[in-house]
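Scroll down for the structure; my scribbles are underneath it.
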Ligand code: 0PR
């Protein structure tokens, strides 16, 4: 640290230099991110509540009220108006809270067993962190031919030590939605906690047009679902950090409660202590500003662009889409290039795509900052590469 500070102008000049090194979502070059350009209305609210701290919510009672209203709205969206939960930093923290609650519930039933968690191999890497943090034994379920958790394999993996099942509504790599109705039946039948990770899908599936309700039903209408992760900072267009966790019962959230005797509220039910209320304010604002109709439009525009891109790739010689995503993701391979080589060739044009592991393929996420003209340019560059390759 400097002994003596610099002038403000000087500091901001330096800041601009750093800013220039960053990519901007508006460039349309970011094709592998589940985050997107924050909505300006949400940003305005975020700035207005920048100094709030929901870790000591008695000081910020308006913000705390907004958090309750956001949880109620998200609960309504997922068919449980009296859900309990919090706006947290993201999907990782939301998943940690859910699985921690499940572990406390399990421990109070059976004392000294090593708890097992059943999850699909498509689960996000946040579960690897959770498994390590909570000393759990992972029991992985393979995927079926549609890249969904193979439901027929779950029941045989359940033991007396199974403390939770995890299902995904919008897998990170392919955007597939597990068959949560059937998984919910299994959870109910065996009296096991079921967590649904809808970090991405939570803000998409309820707004999909032409959706096949039976196939994509993932929310609290499935009675075995105990908790759901739903992230405003993905398709909700809120600024980072805005994740969401909803529990079916108050007693699940209460499992996380820690007494906070000297604060303005007697307890905390979050993992972090000090936490911004700005993300809550932004989410509250966006839910009120857009409503279901507004989100429907945003989501379906992204889905239309996804379909457009998918069909173009399908028609392209030497390109093979892996599967048809149920959400706004695309996965493809090429005859002419190894996947990692293709990724670096695309990077030479400035395109930031990601590579999925299972299947090994180029992965695109078509978030709202990606527009048709960006995709047309991307496809043009891809064609050039294929001609060369
Ligand atoms: N659950 C699912 C299904 C996810 O896809 C993700 C993140 C999480 C949980 C964890 O959420 P947080 O990252 O909010 O804790 N999925 C994205 C991914 O890994 C996260 C991401 C976002 C990565 C933007 C890159 C990026 O530029 O692809």
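Key figures
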read-out	value
Mean shadow area of the chain, taken as a quarter of the surface of its Cα convex hull (nm²)	22.1
Segment residue 132-residue 387, length gained on full extension (0.36 nm per residue, minus Cα span)	87.2 nm
Relative contact order %, the chain, counting alpha carbon pairs below 8 Å whose residues are six or more apart	24
Using distinct alpha-carbon pairs, which all enter the 1/r mean, Kirkwood radius of the range 178-279 in Å	15.4
Ascending count of other beta-carbon atoms within 10 Å, so fewest first, for 370, 11, 151	11, 151, 370
Residue order, fewest to most beta carbons within 10 Å, for 275, 4, 352, 189	4, 189, 352, 275
Expected 222 nm ellipticity per residue - DSSP helices of 4 or more, -39500 (n - 2.57), all of the chain, to 500	-12500 deg cm²/dmol
Residue of 308, 18, 104 that the Gaussian network model of the chain assigns the largest fluctuation, springs spanning Cα pairs under 10 Å	18
Share antiparallel - DSSP beta bridges, the chain, percent rounded to 5	55
Among 175-188, 125-138, the order from most to least packed when residues are scored by Cβ within 10 Å on average	175-188, 125-138
Residue 7 versus residue 300: modelled label distance in nm, points set 7 Å from Cα along the beta carbon direction	5.5
Per-pair calculated FRET efficiency, R0 = 41 Å: residue 292 and residue 380 via Cβ, rounded to 0.05	0.70
Cα→Cβ-extended label distance, 7 Å offset, between residue 22 and residue 357, nm	2.8
Prolate/oblate/rounded label for the range 284-389 (Cα gyration tensor, a/c 1.5)	prolate
Packing-based exposure ordering (other Cβ within 10 Å, fewest first) of 289, 193	289, 193
Tail fraction, Cα-Cα pairs, the range 100-146, threshold 17 Å, whole percent	37
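Coordinate-derived values only; no laboratory data. Because the structure is a prediction, the values reported are computed rather than measured. Neighbour counts run over all protein chains shown; Cβ positions are idealised from the backbone, glycine included.
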